[in-house]
Amino acid sequence: MVALFAAIIAVCSCKGDPTLSRDVKSYDDPLMQNEKKITAIIKNMTLEEKIEMLHGKHYFTSEGVPAQGIAEMNYADGPFGIREEMEPLSWNPLHWSTDSATFFPTGSALAATWSEELAYLYGTGMAREARLRGKDMILGPAINIQRIPTGGRTYEYLSEDPLLSSRLSVNYTKGVQDNGVAVCVKHFALNNQETNRGSVNVIVSPRAMREIYLPPFEAAIVEANAYGVMAAYNKINGTWCAENPVLLDQILRKDWGFKGMVISDWGGTHSTVGSVTAGLNVEMPSKDYMGQALLDSVKVGVVSEKVIDERVREILRVRMVIDPVPADKANKVMTAQPECADITYKVAAQSVVLLKNEGNVLPIDLNKVKTIAVIGDNADKIMATGGVGAGVKALYEVTPLAGLRNRVGDKAKIVYAQGYTSQQARGGFGGFGGFGGGFGRRGGNAAPAQPDNTAQKLKDEAVKAAKGADIVLFIGGDNRAHETEGSDRRSMDLPFNQEEVLEAVAKVNPNVVFIAVAGAPVDLNRVQACSPAIVQSWFNGTEGGNALADILIGKISPSGRLPFSYPFKLEDSPAYATGSFPQTDAPINQDVFVSLVQKDDKAEEMLKGATGRGTALYTEDLLVGYRWFDTKEKPVMYPFGYGLGYSEIEYSYLGGISFLETEKGKVLEIKVKITNKGKYDQYDVPQLYVHRVDPKVEWPYKELKAFTKVLVPAGETVVATMHLPVESLKYWDEEAHDWKMDATEFDVMLCRDAGTVVNKAVLTLKNL
Ligand code: BGC
């Protein structure tokens, strides 16, 4: 029920410039502390030495200044685990005995925690393992907005919402950089699809860019001082990201005051003069454009040495604030650390989303349940590897089945049946060192039909296991070959005929919990009809199976919230509804990275950019994710921000809204009283959305503007405080090229999720 909770609040104090331009990083940042030293270093460098720094030395290093004792830069994939060591100039793993790392929950899992604290902790863990391996810069976090539900990297990215993504990217960045390692936020920018990612031209309005797609980058740079940025493969408005002056010079360096270094995505550089002048510091991993060609360009006077000095300076700024790990200290112990495994448990435990729980099927009562049937390929599947750049050679990974066995012990009998197989799914990288057939050609999502007798046998086993059980845990979803960098899913369909098995199982035992292990939304329409309980789990890291088991047996109440909307059908979602994805103006191309690695005949052509294909018109403009469903009044299966717990939670207001004057301008403070009426301690995530009542420009119906996560002990009431910066209510005025206030009257809505408004207040801002 929606009730008006506060009267009109008039604010009339803001003096001076009514546009209140946003923060630009101040000059006392660490990157600016060594300018004099850097000037001296550059003075003593030859042009050749300078050029050596501007391209890959090895696949994951770039040169320092050896003559002056300045170390090279060591990079490490990726966003959720320090990647195994490979030969310097190949993708072949070295098979070290000490380079197994912790597998951290992937991006959408972290985002589902809605926890800034956990994002920070996550960053600290990544940095710790990076240092043990002698790495200076982590190639992550990956923070592009999830524009399409089928995106190959949806699992790697955080969310469809700029605020949620920003808060997590800021905290991940701080966690890493506070612990002596640089981040490289990627992929800057608008790498929102994998289809033709190496050639697609994204056509987007400046306003959608500033309000939807850039905020996670802006926040990481302005607020957390991210030291590195990776330019994306694609073009924006006709220009490759790695040579895009609007992106790299105007927005990144001038508007946001970025002082660090930009590296290209692997094989994403397409020019010499354009790239170095726009602001690219390092071409990775090769030197097709920023090696000899750059040297020649300076020698003949097409590029001035001043530009080269500037690019070298930006790299040295980062190099000087990151202490290199001495060679005799790196790689002395196992990369994976027990403390980091604990972090993955904490993140996983708060990431799992309970979507449906009819008749309180969950949690499993181990006093009553004697036999648990665990069914599904994903119950026992390792998810650390796959997905090209982001595979992790994990020291260990607790699968859901192993987690259940650990936690249930002898309190109940667990019977496992695989039910279906994903064996014959399309290829893809099976971790590093090999390419499966079909990768990059969009081999399709449907597994080729299994021989009938195998499929039938697996199904029969599943039915048999279910028959004799008190409860069925069907653990299905996607996997890391199905959701992967380099291609997008063709649909949200659950692969490998798993629904058929689920339906057969539900016929003999209706007490089914369907657990989707996936990094993105899947089609749950058939699942709904036969599963009284549904859980969204994720590619959830080293300790993921233990965390999931603790939730299923009620040791922990679930508190994850969806970081994206869950549409009923794919065609409802904005890029599909507007016909902007999949693009029909280009055939599906070989993936740029696969070409690079395979050094096939297409590679040359791709890398030279001759195959520029595909135009992605972002016609939905600002209406990404829930902004679309809300504004167009299209129902969704589960809204953005949605998630249940085992305890019932009640909201009420305390003191309405007040204003704070802070260093960063005016901030609305909203306090919410949250009561836990159940018997489980539970985290809750109150969310504030804003709707403009009297706008002059067009807006989405409502937008998330603040949230928090608080622990509410069983039977208790806590007060949660949320802060909403007035500045964040502005829009990007394309003509003025600045942020402007539009409406003066707003509905501030307290919501459980984007689809459930609990309460709202009218807010009037004057003279802003
Ligand atoms: C990916 C990057 C990754 C790089 C190096 C590229 O294909 O897009 O995210 O960091 O490879 O592995």
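The values are calculated or read from the model by the stated rules, or taken from the named source; none is laboratory data. Bear in mind that the values here come from a model prediction, so they are computed numbers and not experimental data. Glycine also receives a Cβ, built like all others from the backbone with ideal geometry; neighbour counts cover every protein chain displayed. Remember, those area values only see protein heavy atoms, side chains included, never the ligands or the DNA or RNA. Shrake-Rupley method; radii C 1.70, N 1.55, O 1.52, S 1.80 Å.
Our estimate of slack between GLU35 and LEU660, defined as 0.36 nm per intervening residue step minus the Cα-Cα distance, is 221.3 nm. A simple charge model with +1 on the Cβ of Lys and Arg, -1 on the Cβ of Asp and Glu and nothing else charged puts the dipole of region 274-360 at about 80 debye relative to its Cα centre. Packing, taken as the mean count of other beta carbons within 10 Å per residue, orders the peptides 476-488, 65-77, 247-259 from highest to lowest as 476-488, 247-259, 65-77. The residue among ALA142, GLY301, LEU502 whose Cα reaches farthest toward the positive pole of the charge dipole of the chain, with charges on the beta-carbon of Lys, Arg, Asp and Glu, is LEU502. Expressed as a whole percent, the accessible area of region 364-417 that falls on carbon and sulfur atoms is 50 (1.4 Å probe). Extension gain, SER205 to ASP694: 0.36 nm times the residue separation minus the Cα-Cα distance gives 173.7 nm. What is region 459-557 by shape, rounded, prolate or oblate, if you read a ≥ b ≥ c off the alpha carbon gyration tensor as root eigenvalues and call it rounded for a/c under 1.5, prolate for a/b larger than b/c, and oblate otherwise? Judged from the Cα gyration tensor, region 459-557 comes out oblate (a/c at least 1.5, b/c at or above a/b). Taking only protein heavy atoms and a 1.4 Å probe, the accessible area of region 103-217 is 51% carbon and sulfur.
Mean residue ellipticity, 222 nm, helices only, the chain: the sum of -39500 (n - 2.57) across DSSP H runs of n ≥ 4, divided by residue count and rounded to 500, is -7000 deg cm²/dmol. The order of the peptides 299-310, 755-766 by mean Cβ neighbours within 10 Å, most packed first, is 755-766, 299-310.
Per residue, the average separation of C-alpha pairs within less than 8 Å and at least 6 apart gives region 127-244 a relative contact order of 32 percent. Ranking ASN201, ALA412, VAL667 by how far each Cα lies toward the positive end of the dipole of the chain (charges on Cβ) leaves ALA412 at the top. Within the chain, antiparallel bridges make up roughly 55 percent of the DSSP beta bridges whose residues both belong there.
Can you find, among HIS270, GLY257, ALA226, the residue farthest towards the positive end of the dipole of region 172-299? Put +1 on the C-beta of Lys and Arg, -1 on that of Asp and Glu. Selected residue: GLY257. Could you give the distance between the Cα centres of region 290-359 and region 708-723, to the whole Å? Region 290-359 and region 708-723 have Cα centres spaced 36 Å from each other.
Using Cβ point charges alone (K and R +1, D and E -1), the dipole size of the chain about the Cα centre works out to roughly 940 debye.
Solvent-accessible surface of the chain, averaged per residue with a 1.4 angstrom probe and all protein chains in place: 34 square angstrom.
Here the relative contact order of the chain, from alpha carbon pairs under 8 Å that lie six or more residues apart, stands at 17 percent. Expressed as a whole percent, the accessible area of region 677-725 that falls on carbon and sulfur atoms is 50 (1.4 Å probe). Computed with a 1.4 Å probe over protein heavy atoms only, the accessible area of HIS691 comes to about 40 Å². Specify whether the C-alpha gyration tensor of the chain places it in the rounded, prolate or oblate class, a ≥ b ≥ c being the square roots of the eigenvalues: rounded for a/c under 1.5, otherwise prolate if a/b is larger than b/c and oblate if not. Oblate, because a/c is 1.5 or more while a/b does not exceed b/c.
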